[in-house]
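The values are calculated or read from the model by the stated rules, or taken from the named source; none is laboratory data. For clarity, every value in this text was computed on a predicted model and none was experimentally measured. Heads up, the Cβs are rebuilt from the backbone with ideal geometry, glycines too, and the neighbour counts pull from every protein chain shown. Side chains included, ligands, DNA and RNA excluded: accessible areas come from the protein's heavy atoms. Shrake-Rupley method; radii C 1.70, N 1.55, O 1.52, S 1.80 Å.
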Amino acid sequence: MSDPIDPRALRDAFGCFMTGVTVVTALDEQGKPLGFTANSFSSVSLDPPLLLVSIANRSANLEPFCKAKGFAVNILAERQKDVSAIFARPSEDRFASVYWRHGPVGSPLIAEVSAWFDCTMEQAIPAGDHTILLGRIGAFDANAHPGLGYYRGAYVTPAATATQLPAGPDVVLSAIIQAEGRVLLVDDGRGGLSVPMARVGREGVQAALSALFESLNIQAEAGSVYAVYEDATLGTQHLALRCPAQAGTPAKGAFVDLAPEGMADVTDPALRSMLQRLAEETRMGNYGTYFGTHEQGRVQRIAEGQN
């Protein structure tokens, strides 16, 4: 005999399936609008056009919905989380704070949803602790509004989230941290050395640089831009900054001389070339900014101290 199923664990497992969020509406026998939030919605058939939703048997809406001539399914748009909340909690009049109208078949339709389906009641089917409402679609409409999602007990807004993601190639920040004529090199994770690097997120370059300094436990500040170049192979955009620092013992890596022996273990050719240029420009006291790719480009000369 198998062990009894834990209802809470089962509900959590069902929650792993990402769904949309709907508000199911109907009119009671007196013509009063009724509605509840549901994510247990599914298409059933194209011919005839059928859909289903389920309602808990303990719901106060169960009897009026089962007696209704029909019902509508309103698929909420991403910006309608407040509408979902209104119809998910007890209220004397859930429709008082939303704009709605009667649909072609007769059930209430909520404004600005992603889609709606106005149905006649085909059948109410008891199924365990829920009742399945099977509807025959008499009218429907859909638009371009992205739908509101639900996953593991929380709302998700895929379209809105996507617009907040950074566009274009990944930006990699390289910090050329210098103290007393030496530069900080760290393990590159491939058996060689590199300058400290970090990917730039939505918070921006300053936040990435501050986090990098903190991880190294070093007192440094952002200096001039030393190189801007693209690595087409990796699809990354690189921004290298010269960062003057106070001498000390960093949490990672070590300061090395700007000399061939100090840079011998730098494995990335573009970075090694950049450090070799830095060594030469440090001796001359005339720095430049590199623009190009990881293979070729040009150096624009800028006198040190010039804005």
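Within the straight-line cut-off of under 27 Å between alpha carbons, the lysines reachable from Lys81 are Lys32, sequence neighbours fewer than 8 places apart in one chain being disregarded. Over all distinct Cα-Cα pairs of the range 1-132, the Kirkwood formula returns a hydrodynamic radius of 15.6 Å.
Rounded to the nearest 10 square angstrom, Arg298 shows an accessible area of 140 square angstrom against a 1.4 Å probe. The listed residues Met284, Met197, once ranked by accessible area (1.4 Å probe) with the largest placed first, stand as Met284, Met197. Annotation: lysines with alpha-carbon distance below 23 angstrom to Lys252 (same-chain offsets under eight excluded): none found.
Sorting 103-111, 43-51 by average packing, meaning the other beta carbons within 10 Å per residue, from highest down gives 103-111, 43-51. Distance from the C-alpha centroid of the range 23-76 to that of the range 88-162: 8 Å, rounded to the whole angstrom. Taking 37 °C and 0.692 mPa s as the conditions, I'd like the Stokes-Einstein D for the chain in µm²/s, using the Kirkwood hydrodynamic radius from alpha carbon pairs. For these conditions, the coefficient is 133 µm²/s. Note on the range 102-247: along the principal axes its Cα atoms extend 82, 33, 28 Å, ordered by decreasing extent. A 1.4 Å probe run over the range 42-195, with the rest of the protein chains in place, finds 53 Å² accessible per residue.
Rolling a 1.4 Å probe over the protein heavy atoms of the chain, with every protein chain left in place, gives an accessible area that is 53 percent carbon and sulfur.
With the whole protein complex present, Cys66 retains an accessible surface near 50 Å², based on a 1.4 Å probe. Electrostatic tally near Leu50: other residues with Cβ closer than 14 Å to its Cβ, Lys and Arg +1, Asp and Glu -1, net -2.
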